Every structure is written in C-alpha cells, then in structure tokens.
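Trainee: Just dropping this structure here.
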Amino acid sequence: MTTDYAGNFVYEGGNLQFLNHPEGYIEPDGSGGYDYIYQCKDHLGNIRLSFADDNGDGSVATSEIREENNYYPFGLKHMGYKGVVNGRNHKYGYGGKEEQDELDLAWLDITARNYDPALGRWMNIDPLADQMRRHSPYNYAFDNPIFYIDPDGMAPYATDELNEDDNHDFIGATDFGPQHITSTVVDDTGRIIDYKDDGDDNIYLNERSAENVIGKEQKGKKYSEGGYLEIDDLFSSSLETLPEGFVLQYSKDVEEFEISPLIGGIKNTAKYIVYFVKGSKGFRYVGITNNLARRAAEHLRTRGFIIEPLLKNLTKADARAVEQALIEIYKLGGKEGQTGQLLNKINSIAKTNPKYAAALKRGYELLETVGIK
C-alpha cells in the first residue's frame with residue numbers, strides 16, 4: 001500500500017490516516033469524527049507516552065494510554081516491558097521521527113539522512129561534514145545524545161538552546177539552523193568591527209563573503225566589537241595570509257610583551273621583517289621572519305605578543321645585519337630578569353664569519369634610521 005505525505009497529513013491508499021501536530025496527532029474515529037491523541041516528550045524530543053481522553057471525563061485511565069516507550073541513549077527501544085500498543089501503531093518515537101520498518105531495517109527517517117539507533121550511527125554521510133572536520137561524518141549528536149540532538153540530520157545542537165514552550169516538537173519543521181549563532185567581522189588589524197546574530201558562526205576579514213572567511217567562532221565564547229580574536233578562532237591556513245600588523249589576543253595570563261617589526265624588505269618576492277619583543281624591563285628578544293602573521297601567532301601561543309609594524313624595505317642580508325646589531329646592543333643571556341638581557345640563545349651572524357664586521361656596521365646604520373643606537 002502506498003503512503004503519501006502532504007505536510008503533516010499522512011495518507012495510505014488515498015485515505016487520511018492521521019495528522020501530526022505539536023501536541024501529538026489526530027486520527028479519524030471511523031464515525032465521521034476525530035480522536036485527539038496527546039504525547040509527552042522528554043528534553044530530547046523523544047515521544048515517551050501517547051494517551052487520549054476517550055470518554056471525555058477529564059482524566060486519563062490506564063486503558064486510555066495508547067503507547068509507552070523507553071529508549072537507550074542512542075535511540076534503541078527498551079523491549080520486554082510496557083510495550084503494549086492500544087490502537088494505531090504510530091511509528092514515531094525517538095526524536096519524534098518516523099521509524100522505517102521496510103525490509104526490517106529499523107532505521108529512523110530524520111529528514112536529511114537515515115539513522116540506525118542500534119548502531120548509534122548515520123547510514124549516510126553528513127551533508128555539512130566540511131563544517132565539522134573534527135568529527136566523523138557518521139557520528140550521531142557528537143556521540144553525546146543526552147545533551148545534543150540532530151532533528152534534521154544536518155548538524156547537532158545543544159538541548160540547552162531548545163525552547164520549552166514549543167514542547168520540543170520537530171514534526172513538520174524545516175528550519176533547524178543554529179540558534180543565537182553570530183558572525184564576526186574583523187578589520188586588517190584583527191579588531192572586531194561587526195558582530196551579528198544571523199545564524200552564521202564564520203569569522204570574516206573586512207566583509208562577509210565566502211572568500212573572506214578566516215575562522216570559526218568558538219562555542220561558548222563571547223565576541224564583542226572592539227575586541228580581538230584568539231589563535232584558536234582562526235584556521236591554520238589563514239595564518240599564512242593575514243595582513244601585516246594583524247593583532248591576536250592572548251587567552252592566558254602571562255607577562256605582557258610587545259612585538260614591533262622594525263624593518264622589512266623584498267628579495268626574491270619574499271618579504272623579511274626584523275622584529276623585537278619588548279617587556280616591562282626592556283628588550284627581551286629579536287628575530288627575523290618572512291611571514292609576520294605566522295611568526296606572531298607562534299609567539300602568541302607561548303608568550304602573548306602584540307604586533308606593531310614600524311618600518312619596511314630591507315633585503316634578507318640587511319635584516320640579519322639588523323638582527324645581529326640588536327643582539328649586540330641588548331646582549332644575549334645574562335642573569336634572569338636582568339634589564340636589557342635577551343632571551344635569544346644564539347647570534348644571527350657568527351662572529352667568526354668574515355662578513356660579520358661589515359654586516360654589523362650595516363645593521364647599526366639601519367637602526368639609526370629608527371632612532372636605535
């Protein structure tokens with residue numbers, strides 16, 4: 001026999017069988033009228049009890065209970081007790097979804113995919129698998145079905161985001177997008193300039209467009225205009241392309257440092273930057289890099305630095321000369337905490353290098369252009 005669906009109306013052989021509604025379902029009583037069946041659901045939307053007031057006396061007797069269901073966490077029904085069905089076998093249960101009994105598969109039809117509660121796994125790949133790369137595309141509810149639900153097979157979301165006034169009803173619903181998820185836009189300095197509750201958890205550089213996505217918001221973290229991102233907000237690939245001077249906030253309580261690129265340059269299409277780390281007691285570290293954003297992110301993970309561009313336009317050789325000149329000025333090693341002592345362990349240019357003296361002289365000359373002697 002053919003089953004047809006017209007929204008919440010379900011027909012078999014052209015005859016109306018029942019109509020789903022938020023509080024349960026309605027079915028013809030065979031006499032031109034209708035019976036109203038009510039359902040109790042748990043916090044996950046699972047149908048636990050179906051009942052009716054057949055005699056209209058305002059109370060429900062045991063004989064008026066249509067069905068009672070209990071489930072294992074991933075949706076498999078308990079069997080062997082309280083399994084009596086009085087009246088129609090209403091094939092809706094776990095998550096309020098229809099059970100598929102064709103070929104004895106015992107799967108659930110959850111809109112976008114088919115789910116096997118005996119395995120706790122989907123039978124089809126997640127259509128949004130690219131957005132949840134840390135998880136298997138076949139996992140159900142992040143393997144935590146007590147807290148997360150996936151009412152349409154697209155993506156799980158937490159039960160604390162549900163609206164109890166809606167009785168957790170998902171029958172006939174079509175929009176299960178993330179609730180209270182915002183998109184964030186930052187400018188070239190990493191400062192948050194826009195924060196919008198629009199169901200999109202992407203982080204954009206300068207404007208909301210597909211090519212400008214640089215990261216994802218972290219669940220439970222607060223973002224606000226004027227603030228800055230953290231390293232975990234960004235895709236690893238984004239660190240290669242961030243603008244120079246992009247600032248990242250450090251999430252740990254550490255000594256405050258400041259990285260200020262002094263001089264950069266172009267050679268063989270690669271840009272080199274000399275930077276220093278400055279603490280409350282003076283210079284602490286000097287270095288060079290051809291990717292300031294990536295190097296700053298590396299330092300950020302361990303110490304927490306703020307990036308402030310200063311000067312540009314040096315070859316790699318000149319950049320090394322400047323680095324060594326800074327090492328000579330502020331010196332390696334020394335006692336812990338001594339003012340002016342660098343954290344660097346080695347020289348940029350070995351003192352035995354025949355070009356050492358000339359490079360050092362060149363480094364001093366370049367540093368004088370920014371007022372460092």
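Read-outs: derived from the displayed coordinates by stated rules, not from any lab. Since this is a predicted model, take the numbers as computed values, not measurements. Every residue, glycine as well, gets a Cβ built from its backbone with ideal geometry; the counts of neighbours run over all protein chains shown.
Trainee: Over the stretch 23-106, calculate the relative contact order: mean separation of alpha carbon pairs under 8 Å at least 6 apart, over the residue count, as a percent.
Mentor: 20
Trainee: Further, regarding this structure: Of K316/K355; K316/K361; K41/K91; K196/K219; K97/K216; K41/K219, which sit over 21 Å apart, Cα to Cα?
Mentor: Beyond 21 Å between Cα atoms: K97/K216; K41/K219.
Trainee: Taking θ = phi - 60°, what integer Hz values does the Karplus form 6.51 cos²θ - 1.76 cosθ + 1.60 yield along the stretch 60-68, in sequence order, with x for Gly and Pro?
Mentor: Couplings: 10, 8, 4, 5, 8, 7, 7, 6, 10 Hz.
Trainee: Okay, moving on. Can you sort S183, S31 from fewest to most other Cβ atoms within 10 Å of each residue's own Cβ? Don't skip to the end; give the middle numbers.
Mentor: On the way: S183 19, S31 6.
The most exposed by this proxy come first: S31, S183.
Trainee: State, to one decimal in nm², a quarter of the convex hull surface area for the C-alpha atoms of the stretch 182-238, i.e. the direction-averaged projected area.
Mentor: 3.6
Trainee: Set the Förster radius R0 to 45 Å, insert the Cβ-Cβ distance between T241 and N144 as r into 1/(1 + (r/R0)^6), and round the FRET efficiency to 0.05. The partial results should precede the final answer.
Mentor: Details: r = 35 Å, r/R0 = 0.77.
FRET efficiency, T241 to N144: 0.85.
Trainee: Right, here's the next one. For E98, what residues show an amide H to amide H distance below 5 Å, using hydrogens built from the backbone and excluding near sequence neighbours?
Mentor: Counting only residues 5 or more places away or on other chains, the set is D109.
Trainee: Give the long-range amide H neighbours of G227: residues separated by 5 or more places, or on another chain, with amide H under 5 Å away, using H modelled in the peptide plane at 1.01 Å from N.
Mentor: Close amide H contacts, sequence-distant or interchain: I192.
Trainee: For an R0 of 22 angstrom, estimate the FRET efficiency from the Cβ-Cβ distance between D109 and K82 and round to the nearest 0.05.
Mentor: The computed FRET efficiency comes out at 0.35.
Trainee: If we count every other residue with Cβ under 12 angstrom of R88's Cβ, Lys/Arg +1 and Asp/Glu -1, where does the sum land?
Mentor: Charge balance near R88 sits at -3.
Trainee: What do you get for chymotrypsin sites (Phe, Trp or Tyr not before Pro) in the stretch 70-125 restricted to DSSP loop and a cutoff of at most 11 other Cβ within 10 Å of the site's Cβ?
Mentor: Working: sites: Y71, F74, Y81, Y92, Y94, W107, Y115, W122; in loops: F74, Y81.
Passing both the DSSP loop test and the Cβ count: Y81.
Trainee: Here's another thing I want to ask about it. For a label point 7 Å from the Cα of E102 along Cα→C-beta, name the residues of the stretch 1-29 whose backbone N is under 13 Å from it.
Mentor: 1-5, by backbone N distance to the label point.
Trainee: Give me the number: length gained by fully extending Y11 to I329, i.e. 0.36 nm times residue separation minus the C-alpha to C-alpha distance, one decimal in nm.
Mentor: Length gained, Y11 through I329: 105.9 nm.
Trainee: Name the residues whose placed amide hydrogens come within less than 5 Å of the amide hydrogen of N344, ignoring near sequence neighbours (fewer than 5 apart) on the same chain.
Mentor: Answer set, sorted by chain and number: V286, G333.
Trainee: Against the empirical 2.2 N^0.38 Å scaling, what ratio does the C-alpha Rg of the stretch 1-103 come to?
Mentor: Working: Rg = 14.1 Å, N = 103, 2.2 N^0.38 = 12.8 Å.
Rounded to two decimals, the normalised Rg is 1.10.
Trainee: Per residue of the stretch 359-369, in order, report the coupling 6.51 cos²θ - 1.76 cosθ + 1.60 (Karplus, θ = phi - 60°) as ³J(HN,Hα) in whole Hz, putting x for Gly and Pro.
Mentor: 5, 5, 4, 5, x, 4, 4, 5, 5, 4, 5
Trainee: Could you calculate the contour length gain from S209 to T369, that is, 0.36 nm times the residue separation minus the distance between their Cα atoms, to one decimal place in nm?
Mentor: Once the chain is fully extended between S209 and T369, it gains 53.5 nm.
Trainee: Can you check what the net charge comes to around E102, using other residues whose Cβ is under 12 Å from the Cβ of E102 (Lys, Arg +1; Asp, Glu -1)? Kindly include the intermediate steps, with their values, before the conclusion.
Mentor: On the way: positive: K91; negative: E98, E99, D101, D104, D109.
Cβ neighbours under 12 Å give a net charge of -4.
Trainee: 7 Å from Cα along Cα→Cβ at both E23 and Q131: what's the point-to-point distance in nm?
Mentor: So the label points at E23 and Q131 sit 3.4 nm apart.
Trainee: Taking other Cβ within 10 Å of each residue's Cβ, how do Y140, Y34, Y356 sort, fewest first?
Mentor: Ascending number of Cβ neighbours within 10 Å: Y34, Y356, Y140.
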